[in-house]
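*Asks:* Structure incoming, see below.
The values are calculated or read from the model by the stated rules, or taken from the named source; none is laboratory data. Nothing here was measured: the structure is a model prediction, and the numbers come from that model. Don't worry about glycine lacking a Cβ; one is built from the backbone with ideal geometry, like all the others, and counts go over all protein chains shown.
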Ligand SMILES: CC(C)(COP(=O)(O)OP(=O)(O)OC[C@H]1O[C@@H](n2cnc3c(N)ncnc32)[C@H](O)[C@@H]1OP(=O)(O)O)[C@@H](O)C(=O)NCCC(=O)NCCS
């Protein structure tokens, strides 16, 4: 799959965003982003040089178990690459179909404007309604409050904590693992079987349903 289909959306603050492919040359912009500690500090794996970014890009476009979108800000008809959103480790060979999501906005001028939250909702729509996944997994280092907030807002729920995942800024920090379950009846029934879903999953289901309603109204599949 690698680079995925184009999705266009407008955030609640009126910013026009495209989730769309980017070229090998454009991918080098991510290196500049990751040079900033504020951007890379809470990211598990990241590229450090043009060469490693190109290696990542070449592997990514052939990787059938991932879907990657560039996040493009569209202003006065000009498109600017500001980050990426992805589904990786897509596994559809077992009965339960799932993937791992990740995001980065490397241009800090665009932080805190609801862009990641809106892109998560579009990606969730794609994952559940175009790919038929049951579950999306994600993980956030605890100090990364903005990332956690964007995930929870789009219907992800906390599952468990991996202690001492990374040493950052002089201390060991923990990794909170999240999941977003497909709220459709068929997927919900298959996931939970005869078990009673915990309250937090029932609450998250309502948030995921709301995220999907938002996405159906605001996301255009090109
Ligand atoms: C994490 C990231 C993707 C979030 O993108 P974003 O577009 O700024 O996210 P959103 O605006 O949709 O949501 C973030 C929310 O957290 C809030 N927030 C951000 N930092 C915060 C902090 N330190 N404390 C409290 N709230 C914070 C924002 O204000 C916003 O909430 P609001 O809309 O109620 O104001 C972006 O900051 C980023 O790329 N960071 C570097 C890479 C990274 O950490 N990726 C994620 C790895 S898990």
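*Asks:* I'd like the full set of residues that are farther than 17 Å from residue 201 by Cα and without any contact (Cβ under 8 Å) to a residue 24 or more places away in the chain, limited to the stretch 137-181.
*Replies:* Result: 145, 162, 163, 164, 167, 170, 171, 172.
*Asks:* Right, here's the next one. Take the residues in the stretch 136-174 that are near the ligand (Cβ under 9 Å from one of its atoms) and part of a strand (DSSP E or B), then tell me which one is farthest from residue 98 (Cα to Cα).
*Replies:* Taking the stretch 136-174 as the starting set, the residues that turn out to be near the ligand (Cβ under 9 Å from one of its atoms) are 138-141, 143-151, 153-154.
Then keep just the ones that are part of a strand (DSSP E or B); that gives 138-141.
On the way: 138: 11, 139: 14, 140: 18, 141: 21 Å.
Once the filter is applied, the top-ranked residue is 141.
*Asks:* Another question, if that's okay. Closer than 21 Å to residue 45 by Cα, more than 16 Å from the ligand (Cβ to nearest atom), surrounded by 14 or more Cβ atoms within 10 Å (Cβ to Cβ) and at pLDDT 95 or above: does that describe residue 71?
*Replies:* Considered against the rule, which asks whether it is closer than 21 Å to residue 45 by Cα, more than 16 Å from the ligand (Cβ to nearest atom), surrounded by 14 or more Cβ atoms within 10 Å (Cβ to Cβ) and at pLDDT 95 or above, residue 71 comes out as no.
*Asks:* Within the stretch 115-135, track down each residue that is assigned to a helix (DSSP H, G or I), out of contact with any helix residue (DSSP H, G or I) (no Cβ under 8 Å at 6 or more places or on another chain) and over 15 Å from residue 209 (Cα atoms). Steps first, answer last, please.
*Replies:* Within the stretch 115-135, the subset assigned to a helix (DSSP H, G or I) is 115-130.
Retained after the next criterion (residues that are out of contact with any helix residue (DSSP H, G or I) (no Cβ under 8 Å at 6 or more places or on another chain)): 115, 119, 123, 126-127, 130.
Once the filter is applied, which keeps residues that are assigned to a helix (DSSP H, G or I), out of contact with any helix residue (DSSP H, G or I) (no Cβ under 8 Å at 6 or more places or on another chain) and over 15 Å from residue 209 (Cα atoms), the stretch 115-135 yields 115, 119, 130.
*Asks:* Across the stretch 45-57, what is the number of residues that are in a loop (DSSP other than H, G, I, E, B) and more than 16 Å from the ligand (Cβ to nearest atom)?
*Replies:* Summing the residues that are in a loop (DSSP other than H, G, I, E, B) and more than 16 Å from the ligand (Cβ to nearest atom) in the stretch 45-57 gives 1.
*Asks:* Out of all the residues in the stretch 107-124, which are surrounded by fewer than 22 Cβ atoms within 10 Å (Cβ to Cβ) and either touching a residue at least 40 places away in the same chain (Cβ under 8 Å) or near the ligand (Cβ under 7 Å from one of its atoms) (or both)?
*Replies:* Pass one, the stretch 107-124, residues surrounded by fewer than 22 Cβ atoms within 10 Å (Cβ to Cβ): 107-114, 117.
Hits for the stretch 107-124 are 107, 108, 110, 111, 112, 113, 114, 117.
*Asks:* Can you tell me which residues in the stretch 14-59 are farther than 13 Å from residue 104 by Cα and within 16 Å of the chain's Cα centre (by Cα)?
*Replies:* Answer for the stretch 14-59, where residues must be farther than 13 Å from residue 104 by Cα and within 16 Å of the chain's Cα centre (by Cα): 17, 18, 20, 21.
*Asks:* Which one of the conditions (1) surrounded by 17 or more Cβ atoms within 10 Å (Cβ to Cβ); (2) away from the ligand (no atom under 14 Å from the Cβ); (3) closer than 27 Å to residue 42 by Cβ does residue 183 fail to meet, given that it meets all the rest?
*Replies:* The single condition residue 183 does not satisfy is (3).
*Asks:* Separate question: Could you tell me which residue of the stretch 100-114 is farthest from the chain's Cα centre (by Cα), considering only residues that are under 15 Å from residue 32 (Cα atoms) and outside any strand (DSSP E or B)? Before you say what the answer is, go through the steps one by one.
*Replies:* From the stretch 100-114, those under 15 Å from residue 32 (Cα atoms) are 104-109; that's our starting set.
Filter once more, keeping what is outside any strand (DSSP E or B): 106-109.
Values: 106: 14, 107: 16, 108: 17, 109: 19 Å.
Across the stretch 100-114, the extreme among qualifying residues is 109.
*Asks:* Evaluate the following for residue 83: is it in a strand (DSSP E or B), near the ligand (Cβ under 9 Å from one of its atoms) and over 18 Å from residue 10 (Cα atoms)? Write out each step before concluding.
*Replies:* Working: in a strand (DSSP E or B): yes; near the ligand (Cβ under 9 Å from one of its atoms): yes; over 18 Å from residue 10 (Cα atoms): no.
So residue 83 does not fit the description; no.
*Asks:* Which residues, taken from the stretch 182-205, are out of contact with any helix residue (DSSP H, G or I) (no Cβ under 6 Å at 6 or more places or on another chain) and touching a residue at least 24 places away in the same chain (Cβ under 8 Å)? Even if it seems obvious, please write down each step before you answer.
*Replies:* Residues of the stretch 182-205 out of contact with any helix residue (DSSP H, G or I) (no Cβ under 6 Å at 6 or more places or on another chain): 184-205.
Those that are out of contact with any helix residue (DSSP H, G or I) (no Cβ under 6 Å at 6 or more places or on another chain) and touching a residue at least 24 places away in the same chain (Cβ under 8 Å): 184, 187, 190, 191, 200, 201, 203, 204, 205.
*Asks:* Can you name the condition, by its number, that residue 204 falls short on among (1) over 16 Å from the mean Cα position of the chain (by Cα); (2) surrounded by fewer than 21 Cβ atoms within 10 Å (Cβ to Cβ); (3) at negative phi; (4) more than 12 Å from the ligand (Cβ to nearest atom)?
*Replies:* For residue 204, the exception is condition (2).
*Asks:* Filter the stretch 31-44 down to the residues that are touching a helix residue (DSSP H, G or I) at 6+ places or on another chain (Cβ under 9 Å), more than 8 Å from the ligand (Cβ to nearest atom) and not in a helix (DSSP H, G or I) and list them by number.
*Replies:* 36
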